[in-house]
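Participant: Here you go, one structure.
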Ligand SMILES: NC(=O)c1ccc[n+]([C@@H]2O[C@H](COP(=O)([O-])OP(=O)(O)OC[C@H]3O[C@@H](n4cnc5c(N)ncnc54)[C@H](O)[C@@H]3O)[C@@H](O)[C@H]2O)c1
């Protein structure tokens with residue numbers, strides 16, 4: 001049994017990763033500040049579920065607080081780090097940019113420093129497909145240039161990858177960054193399209209369709225992402241970056257049509273221009289993750305949306 005530090009354990013992906021590790025019989029130290037970026041009840045309910053299992057401990061602390069981070073390493077011998085805490089979301093980085101600097105830069109820095117003082121077997125952190133920004137050509141490959149981010153969120157994610165490189169180079173910390181592509185599924189994030197659309201359609205409100213629907217996304221189902229993260233946690237590399245996406249790009253209007261089908265309702269659509277910071281298309285080339293991690297996404301968008309809608313109906317009793 002190993003001890004994993006999972007930051008962002010109250011968040012969408014951190015919760016699922018912590019749950020999968022606990023199911024496997026590992027020890028998990030969860031860490032999350034429980035901020036109110038979105039509905040706190042969802043975060044509390046996720047943590048409550050983790051507490052129903054053995055070998056789970058939880059710190060409600062801020063990663064940007066160096067003493068709090070150090071305290072975890074003083075209390076536990078951490079074998080492996082999964083850093084899934086962050087200020088996420090492209091659009092909110094126009095509203096509260098400092099939240100991104102605090103969590104994604106200062107918070108990540110504190111974890112790197114802790115790993116420098118307390119050697120770990122592996123350190124995996126979430127990056128994002130958003131780093132591909134303006135210069136990259138779809139499908140995105142890890143070897144492409146990523147020096148023209150179009151949002152501060154993306155800039156902090158790319159900065160994290162570069163900070164990780166320097167800590168790998170100087171202190172020989174094994175560091176793997178995972179560029180995740182639009183993750184969705186049960187217990188998902190209320191600020192993301194699938195959640196927003198489902199809620200609006202069920203309430204009979206119009207949905208906002210940006211760039212007049214001319215967007216394409218590589219949607220990745222949560223179970224596939226968890227499998228990729230677990231594979232990465234089990235395979236320490238000196239320094240690597242992997243795309244974790246589905247590798248099928250779905251037009252936004254098809255995505256909405258599938259959702260309408262499962263909800264049995266036609267959505268009222270408000271067509272709007274592209275939002276600042278948004279990218280028109282994301283598509284992952286996952287050849288590297290397939291070869292080096294055995295990553296093999298299995299759930300297509302129809303099955304994934306179906307499972308999300310089932311969870312949503314049950315959780316909200318609608
Ligand atoms: N969901 C996606 O589609 C997606 C896509 C690309 C990358 N990512 C990345 O994956 C990771 C997990 O994302 P998610 O979708 O689970 O987001 P989430 O917002 O659901 O979870 C992040 C959690 O981190 C916590 N947190 C934020 N700042 C903190 C701090 N300073 N100290 C302690 N806890 C803090 C939040 O309270 C939250 O519970 C993030 O790094 C995100 O940028 C997600």
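The values are calculated or read from the model by the stated rules, or taken from the named source; none is laboratory data. Owing to the predicted nature of the structure, the values given are computational and were not obtained by experimental measurement. So basically every Cβ, Gly included, is an ideal-geometry build from the backbone, and we count neighbours across all protein chains shown.
Participant: How many residues are in a loop (DSSP other than H, G, I, E, B) and within 13 Å of the ligand (Cβ to nearest atom) when one looks only at region 16-37?
Facilitator: Let us first name the residues in region 16-37 that are in a loop (DSSP other than H, G, I, E, B), namely 24-26, 32-37.
Then drop every residue that is not within 13 Å of the ligand (Cβ to nearest atom), which leaves 32-37.
Looking only at that region, the number is 6.
Participant: Within region 209-227, identify whether any single residue is part of a loop (DSSP other than H, G, I, E, B), surrounded by fewer than 19 Cβ atoms within 10 Å (Cβ to Cβ) and either away from the ligand (no atom under 13 Å from the Cβ) or in contact (Cβ under 8 Å) with a residue 12 or more places away in the chain (or both), and answer yes or no.
Facilitator: Yes, region 209-227 contains at least one residue that is part of a loop (DSSP other than H, G, I, E, B), surrounded by fewer than 19 Cβ atoms within 10 Å (Cβ to Cβ) and either away from the ligand (no atom under 13 Å from the Cβ) or in contact (Cβ under 8 Å) with a residue 12 or more places away in the chain (or both).
Participant: Hey, can you tell me all the residues within region 38-78 that are in a helix (DSSP H, G or I), more than 13 Å from the ligand (Cβ to nearest atom) and under 22 Å from the mean Cα position of the chain (by Cα)?
Facilitator: 48, 49, 51
Participant: If the requirement is being modelled with pLDDT of 95 or more and out of contact with any helix residue (DSSP H, G or I) (no Cβ under 9 Å at 6 or more places or on another chain), which of these qualifies: 314, 238? Can you show your working first?
Facilitator: Details: 238 fails: out of contact with any helix residue (DSSP H, G or I) (no Cβ under 9 Å at 6 or more places or on another chain).
Sole residue among the options that is modelled with pLDDT of 95 or more and out of contact with any helix residue (DSSP H, G or I) (no Cβ under 9 Å at 6 or more places or on another chain): 314.
Participant: Considering only residues that are within 16 Å of the ligand (Cβ to nearest atom), part of a loop (DSSP other than H, G, I, E, B) and touching a helix residue (DSSP H, G or I) at 6+ places or on another chain (Cβ under 7 Å), which ones fall in region 115-151?
Facilitator: Of everything in region 115-151, those that are within 16 Å of the ligand (Cβ to nearest atom), part of a loop (DSSP other than H, G, I, E, B) and touching a helix residue (DSSP H, G or I) at 6+ places or on another chain (Cβ under 7 Å) turn out to be 133, 142, 146, 149, 151.
Participant: If you don't mind, another one. Please enumerate the residues belonging to region 251-275 that are surrounded by 15 or more Cβ atoms within 10 Å (Cβ to Cβ) and in contact with a strand residue (DSSP E or B) (Cβ under 6 Å, 6 or more places away or on another chain).
Facilitator: Across region 251-275, the qualifying residues are 267, 269.
Participant: Can I ask one more? Check 237, 308, 242 and return the single one that is under 18 Å from the mean Cα position of the chain (by Cα) and more than 19 Å from residue 189 (Cα to Cα).
Facilitator: On the way: 237 fails: under 18 Å from the mean Cα position of the chain (by Cα); 308 fails: more than 19 Å from residue 189 (Cα to Cα).
It is 242.
Participant: Could you check residue 104 against (1) in contact with a helix residue (DSSP H, G or I) (Cβ under 6 Å, 6 or more places away or on another chain); (2) over 24 Å from residue 168 (Cβ atoms) and say which number it fails?
Facilitator: (2)
Participant: If you don't mind, another one. Is there a residue in region 163-180 that is farther than 29 Å from residue 237 by Cα and within 21 Å of the chain's Cα centre (by Cα)? Give the derivation first.
Facilitator: Initial filter on region 163-180 (farther than 29 Å from residue 237 by Cα): none.
No, because not a single residue in region 163-180 is farther than 29 Å from residue 237 by Cα and within 21 Å of the chain's Cα centre (by Cα).
Participant: For region 81-99, what are the residues that are assigned to a loop (DSSP other than H, G, I, E, B) and either touching a residue at least 40 places away in the same chain (Cβ under 8 Å) or crowded, with 24+ Cβ neighbours inside 10 Å (or both)?
Facilitator: So the first thing to find is which residues in region 81-99 are assigned to a loop (DSSP other than H, G, I, E, B), and the list is 84-90, 95-96.
Passing the criteria: 84, 85, 86, 87, 88, 89, 90.
Participant: Can you work out which of the residues in region 276-291 that are in a helix (DSSP H, G or I) and touching a strand residue (DSSP E or B) at 6+ places or on another chain (Cβ under 7 Å) is nearest to residue 198 (Cα to Cα)? Steps first, please.
Facilitator: Taking region 276-291 first, the residues in a helix (DSSP H, G or I) are 287-291.
Restricting the remaining residues to those that are touching a strand residue (DSSP E or B) at 6+ places or on another chain (Cβ under 7 Å) gives 288-289.
Numbers: 288: 34, 289: 31 Å.
Checked region 276-291; the qualifying residue nearest to residue 198 (Cα to Cα) is 289.
Participant: OK, next. Suppose we filter 54, 75, 62, 79 for residues that are over 23 Å from residue 182 (Cα atoms) and at pLDDT below 95; which single one remains? First the steps, then the outcome.
Facilitator: Details: 75 fails: at pLDDT below 95; 62 fails: at pLDDT below 95; 79 fails: at pLDDT below 95.
Of the residues listed, the single one that is over 23 Å from residue 182 (Cα atoms) and at pLDDT below 95 is 54.
Participant: Residue under question is residue 159, and the condition is that it be within 14 Å of the ligand (Cβ to nearest atom), touching a residue at least 60 places away in the same chain (Cβ under 8 Å) and either more than 25 Å from residue 71 (Cβ to Cβ) or under 20 Å from the mean Cα position of the chain (by Cα) (or both); does it hold?
Facilitator: Numbers: within 14 Å of the ligand (Cβ to nearest atom): yes; touching a residue at least 60 places away in the same chain (Cβ under 8 Å): no; either more than 25 Å from residue 71 (Cβ to Cβ) or under 20 Å from the mean Cα position of the chain (by Cα) (or both): yes.
The answer is no for residue 159.
Participant: Hey, another quick one. Does residue 297 meet the test of being closer than 27 Å to residue 149 by Cβ and exposed (fewer than 13 other Cβ atoms within 10 Å of the Cβ)? Quick ask: steps written out before the conclusion?
Facilitator: Details: closer than 27 Å to residue 149 by Cβ: yes; exposed (fewer than 13 other Cβ atoms within 10 Å of the Cβ): no.
So residue 297 fails the test.
Participant: Ok, one more. Please work out if residue 154 is within 22 Å of residue 84 (Cβ to Cβ), away from the ligand (no atom under 12 Å from the Cβ), in contact with a helix residue (DSSP H, G or I) (Cβ under 8 Å, 6 or more places away or on another chain) and in a helix (DSSP H, G or I).
Facilitator: Working: within 22 Å of residue 84 (Cβ to Cβ): yes; away from the ligand (no atom under 12 Å from the Cβ): no; in contact with a helix residue (DSSP H, G or I) (Cβ under 8 Å, 6 or more places away or on another chain): yes; in a helix (DSSP H, G or I): yes.
Criteria not met by residue 154.
Participant: Would you mind telling me which numbered condition in (1) within 11 Å of the ligand (Cβ to nearest atom); (2) over 20 Å from residue 3 (Cβ atoms); (3) surrounded by fewer than 24 Cβ atoms within 10 Å (Cβ to Cβ) residue 110 fails?
Facilitator: Status for residue 110: all satisfied but (2).
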